[in-house]
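Q: I am attaching a structure below and will ask some questions about it afterwards.
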Amino acid sequence: MTVTLSDEARQCIVAFEDITDATAVDCIVDDENDRVVFVVKAGEIGSAIGPGGRNVSRVEDRLGRDVKLVEDAPTPEGFVANALSPAAVYNVTISENRDTVAYAEVAHEDRGVAIGEGGHNIELAKTLAKRHYDVDDIQLT
C-alpha cells in the first residue's frame, strides 16, 4: 500500500534516520498524545532503539515528544503483533469476509497494555494496520 506522509512526518523521519541510522518506512505525528510513531524497517529495530535506549532518547529530545517504535513485518499477522507490542501477542489470525479483521490473541495480563489508556494503543495499531495492510479492524481475543 502507498503511505502518504505529512511535511511534519517527513521532517521527523529525517531527524530519526539521522540519529539512529535505521530506516523509517512510516511516521505518524500523534498530536493528541504528544508522540511520534515510527514504523522501522524489519530487522533494524535494534539500531533504532540503540544501546540502553539511547537513540530513542536522543530522538525524543530532538523532537520534544515521546517516541514509539513499531517494527515492520512482511505479513499482516506479524505487523499487527508488532503494532500491539509490548503486549505479549501469541497468535494473530486474519479473517477476510466483508471486512478484513485481525484477531489477536493477547495474554490476559497484557490486555490493558494492548488497549492503552483511553484506547490509544489499539487505535494506533488499527490505524497502522489499515495504512500498511488494509486491515479494517483489530479484535483482541
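Q: Please find, among ASP21, ASP26, ASP31, the residue that is under 19 Å from HIS132 (Cβ atoms) and either surrounded by 15 or more Cβ atoms within 10 Å (Cβ to Cβ) or out of contact with any His (no Cβ under 9 Å at 6 or more places or on another chain) (or both).
A: Result: ASP26 is the single residue among ASP21, ASP26, ASP31 that is under 19 Å from HIS132 (Cβ atoms) and either surrounded by 15 or more Cβ atoms within 10 Å (Cβ to Cβ) or out of contact with any His (no Cβ under 9 Å at 6 or more places or on another chain) (or both).
Q: Scan the range 39-46 and give yes if some residue there is within 19 Å of SER85 (Cα to Cα) and in a helix (DSSP H, G or I), otherwise no.
A: yes
Q: Just need a number here: residues in the range 94-130 that are of a type in the set (Val, Ile, Thr) and out of contact with any Asp or Glu (no Cβ under 7 Å at 6 or more places or on another chain).
A: Of the residues in the range 94-130, 5 are of a type in the set (Val, Ile, Thr) and out of contact with any Asp or Glu (no Cβ under 7 Å at 6 or more places or on another chain).
Q: ARG62: among the basic types (Lys, Arg), surrounded by fewer than 18 Cβ atoms within 10 Å (Cβ to Cβ) and assigned to a loop (DSSP other than H, G, I, E, B), yes or no?
A: no
Q: For the range 31-70, give me each residue that is in contact (Cβ under 8 Å) with a residue 40 or more places away in the chain, touching a strand residue (DSSP E or B) at 6+ places or on another chain (Cβ under 7 Å) and not aliphatic (A, V, I, L, M).
A: LYS68
Q: Given (1) under 20 Å from ASP26 (Cβ atoms); (2) touching a helix residue (DSSP H, G or I) at 6+ places or on another chain (Cβ under 9 Å); (3) at pLDDT 95 or above, where does GLY78 come up short, assuming only one miss?
A: Of (1) under 20 Å from ASP26 (Cβ atoms); (2) touching a helix residue (DSSP H, G or I) at 6+ places or on another chain (Cβ under 9 Å); (3) at pLDDT 95 or above, only one is false for GLY78: (2).
The values are calculated or read from the model by the stated rules, or taken from the named source; none is laboratory data. The structure displayed is predicted, hence computed values, not measured ones. Cβ coordinates were reconstructed from backbone atoms using ideal geometry, including for glycine residues, and neighbour counts include every protein chain displayed.
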